[in-house]
1. Here are I253, I212: which of them is over 30 Å from E136 (Cα atoms) and crowded, with 20+ Cβ neighbours inside 10 Å?
2. Does T151 fit the bill of being surrounded by 14 or more Cβ atoms within 10 Å (Cβ to Cβ), among the β-branched types (V, I, T) and over 23 Å from Q33 (Cα atoms)?
3. Can you name every residue in region 125-134 that is hydroxyl-bearing (S, T, Y) and surrounded by fewer than 17 Cβ atoms within 10 Å (Cβ to Cβ)?
4. Of (1) closer than 19 Å to L160 by Cβ; (2) touching a residue at least 12 places away in the same chain (Cβ under 8 Å); (3) of a type outside the set (A, V, I, L, M); (4) crowded, with 17+ Cβ neighbours inside 10 Å, E199 satisfies all except one. Which?
5. Please determine, by comparing only the residues of region 22-59 that are over 23 Å from A217 (Cα atoms) and acidic (D, E), which one is farthest from the chain's Cα centre (by Cα).
6. From the list L137, L71, L119, which residue is crowded, with 22+ Cβ neighbours inside 10 Å and touching a Pro at 6+ places or on another chain (Cβ under 8 Å)?
7. Mind checking which residues of region 30-83 are assigned to a strand (DSSP E or B) and touching a helix residue (DSSP H, G or I) at 6+ places or on another chain (Cβ under 8 Å)?
8. State which residue pairs qualify: first residue at positive phi and inside region 103-119, second residue of a type in the set (S, T, Y) and at pLDDT 95 or above in any location, beta carbons under 8 Å apart, and separation of 6 or more residues or different chains.
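The values are calculated or read from the model by the stated rules, or taken from the named source; none is laboratory data. This structure is a prediction, so every number in the text was calculated from the model and none was measured. Don't worry about glycine lacking a Cβ; one is built from the backbone with ideal geometry, like all the others, and counts go over all protein chains shown.
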Amino acid sequence: MTELSAAQDAAVTDRSRLAGSAYNGDRDLAARQSLYRWQTPRHDLPGIVTEQLSTVRGRVVDVGCGNGKFLERLGRERPHLELLGLDIAPGILADVPGAVAVADVSRLPLGTASVDAALALHMLYHASDIARAVRELSRVVTPDGLLVASTNSDRDKAELDELWMRAAGDVLGTGRGPARISLSARFSLEKAPAFLGEEFGRVETIELPGTITVRDAEPVVAHMASYQAWADQHDVPFEATIERARTLVDEHIARRGAFEIHCRGGILVCRR
């Protein structure tokens, strides 16, 4: 995976873009989440996170809670917990159950040592200053509490990166086009332990590899199209490239019966 350009780095962390278009509703996030329905082995990420909190009592905050999938699971299986969801995008909080508030991870509206566990799931790469965000998360967690973070590897979904470059190259007539933007590159599974280790003495990485196998191009197309908020960062006609990618996946499935994507994500469980 290539490093982000300065412009892409700024786009991934831009608050107005994140709140106003990328996460102003849950359509695009849900499209990215839905691709995992075709993954084997099937990792129940909300269930895994819930299990990691099995000994936690008291207050849990989900920072960057998005559409509330993890809060919903925790509320159902751990009803004794006091749950709070925070996100910078008001639009995506509309249907999240329970107590929610608009907040930025760099300035959490919580007292020091006021929560027994914090979740930062697939969101720290959006923090403009990741080290500062980790310090804030550390500040609000009790000394014997924990932080659960998640992200993707630098090698995650390489087939989609290759598909994008081939489709973009076809659209541009260059053979191979520019790489698509990577949201997780700034805080990948490889980089995350160094950031988290600055505040937490024990950081356990639990890798969750799998293979997505689709026999219809639509889930792949929906996933790629969910990056619409960053279309201006791709240096290629976005919609035309998406449609070319659809054709390429259709052709691949016609030849081989399926299109495979190798996923390399994971969670990081952090304690003092």
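1. Numbers: I253 fails: crowded, with 20+ Cβ neighbours inside 10 Å.
Residue meeting the stated conditions: I212.
2. No.
3. So in region 125-134, the residues hydroxyl-bearing (S, T, Y) come out as 125, 128.
Answer for region 125-134, where residues must be hydroxyl-bearing (S, T, Y) and surrounded by fewer than 17 Cβ atoms within 10 Å (Cβ to Cβ): just S128.
4. (1)
5. E51
6. Numbers: L137 fails: touching a Pro at 6+ places or on another chain (Cβ under 8 Å); L119 fails: touching a Pro at 6+ places or on another chain (Cβ under 8 Å).
When all the criteria are applied, what remains is L71.
7. Pass one, region 30-83, residues assigned to a strand (DSSP E or B): 39-40, 59-63, 82-83.
Listed by number, the residues that qualify are V60, V61, D62, V63, L83.
8. Filtered contacts from region 103-119: A113/T142.
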